[in-house]
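The values are calculated or read from the model by the stated rules, or taken from the named source; none is laboratory data. Just so you know, these numbers come straight off a predicted model, no measurement behind them. Cβ placement follows ideal geometry from the backbone for every residue including glycine, while neighbour counts extend to all protein chains displayed. For accessibility, only protein heavy atoms count, side chains too; no ligands or nucleic acids. Shrake-Rupley method; radii C 1.70, N 1.55, O 1.52, S 1.80 Å.
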Amino acid sequence: QVQLVESGGGLVQPGGSLRLSCAASGRIGSIYAMGWYRQAPGKQRELVAVIDSGGSTNYVDSVKGRFTISRDNAKNTVYLQMNSLAPEDTAVYYCNAATLSRQYWGQGTQVTVSS
């Protein structure tokens, strides 16, 4: 089992920044990739960014150049630095950990971009 605990969401003005954190515990050695997804009201959940065990990253086009995913292996934590936030970034953001047998999800953290 893998447990994921997210933090760092909140309310921010357009153009502002937030950093989300996702701390993993449990069978973390089985994780080959971690990522952030988001789900806005009335929309499907979408992949925002992913980082694999080799450090390779990938982003959805809408956040490229604004968001950065990174990890701290010593802390078993993955981060999502979000800059130049826009109202369309408003969503619940979920941390995801992928193993060969299944995926794990955090509880979600709300990000609201509004003036």
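What the table below lists for this structure:
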{"item": "Positive-end residue, the chain charge dipole about Cα centroid, Cβ charges, pick of MET34, ASN83, GLN3", "result": "GLN3"}
{"item": "Surface accessible to a 1.4 Å probe, per residue, for the residues of the chain, Å²", "result": "53 Å²"}
{"item": "Apportionment of accessible area to carbon and sulfur, segment 11-60, percent (1.4 Å)", "result": "48 percent"}
{"item": "Spin-label pair ARG19/SER115, simplified geometry with 7 Å Cα→Cβ offset, distance in nm", "result": "2.8 nm"}
{"item": "Fluctuation leader among ASN73, ASN83, ASN58 - the chain, Gaussian network, Cα springs under 10 angstrom", "result": "ASN73"}
{"item": "Dipole moment magnitude, nearest 20 debye, the chain about Cα centre, only Lys, Arg, Asp, Glu C-beta charged", "result": "160 debye"}
{"item": "Label-to-label distance, nm, for residues given as VAL5 and ARG27 (7 Å Cα→Cβ offset)", "result": "2.1 nm"}
{"item": "Backbone HN-Hα couplings from phi across segment 56-69 [Karplus 6.51/-1.76/1.60, Hz, Gly and Pro as x]", "result": "6, 10, 8, 9, 5, 4, 5, 10, 4, x, 10, 10, 9, 9"}
{"item": "Max mean-square fluctuation residue, GNM over the chain, Cα-Cα springs under 10 Å, options TYR32, TYR79, TYR59", "result": "TYR32"}
{"item": "Separation in nanometres of the label points that stand 7 Å from Cα toward Cβ, at TRP105 and LYS75", "result": "2.6 nm"}
{"item": "Positive-end extreme of charge dipole, the chain - chosen from ALA98, THR68, ASN58 (charges on Cβ)", "result": "ALA98"}
{"item": "Extension gain (nm, one decimal) between ASP61 and LEU47, 0.36 nm per residue minus Cα-Cα", "result": "4.0 nm"}
{"item": "At most 12 other Cβ within 10 Å, DSSP loop - trypsin sites (Lys or Arg not before Pro), segment 1-52", "result": "LYS43"}
